[in-house]
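Please treat every number below as a calculation from the coordinates, not as lab data. As the structure is a computational prediction, the values presented were derived from the model and not from experiment. Note that each Cβ is placed from the backbone with ideal geometry, even for glycine, and that neighbours are counted across all protein chains shown.
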Amino acid sequence: MDPPVRVVYRKYDGSLHWHMMLYRLGSDEYGTWLSAPAGTQARRGSETPVTFRQSSVRLIPHSGPWTMNCHASPAWAEIYIDVTTTPRWNGNSHVEMIDLDLDVVRFRDGSAEVLDLDEFAEHQVRFQYPPAVIMDAEQTAARMLEAVTGRTEPFAQVCRRWLAQVPAESPAP
């Protein structure tokens, strides 16, 4: 088995946000797919870890300022996209990006929306986002909303095929 991949999301000021260890499933034309079997833990900053009840697969795209989770049923969201800076790899076992607050979600009923507009507005002031960062994040969220609503790949069958490869439970540490 490949070594785990440390996935780190930070906030614009560099503070630690969500971070976790996931496992590499493989790569395709869309990017690198990482598995998060049921039982995987994630942590926001130094808070108590959260344990995933359902499996998911995370896509770190080859290019583009976003990441995507495709969740197994019965998770409340089918697709969850974080608008970020372009993810940066440090070797094969560490990837890091800045979370820019906006999230695009496709719910199980097929509806979709952009979440956390209030947090995005608050952080524009708090972290002094440059105008280009604001514009890029808003444009990325709009493109992702259109793509998930239209079930453009990899937000349709491709993510489901990768999700089917996620092991039933997290490997022992």
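With +1 on each Lys and Arg Cβ and -1 on each Asp and Glu Cβ, how big is the dipole of the chain about its Cα centre, in debye rounded to the nearest 20?
Around 560 debye, computed over the chain.
In the range 66-173, which trypsin sites (Lys or Arg not before Pro) are in a loop and have at most 14 other Cβ atoms within 10 Å, using DSSP for the loop call?
Filter output for the range 66-173: 108, 151.
Have a look at the range 5-163 and give its Rg and Dmax from the Cα atoms, expressed in angstrom.
Final numbers for Rg and Dmax: 14.8, 40 Å.
I need two numbers for the range 1-63: Rg to one decimal and Dmax as a whole number, Cα atoms only, in Å.
12.4, 36
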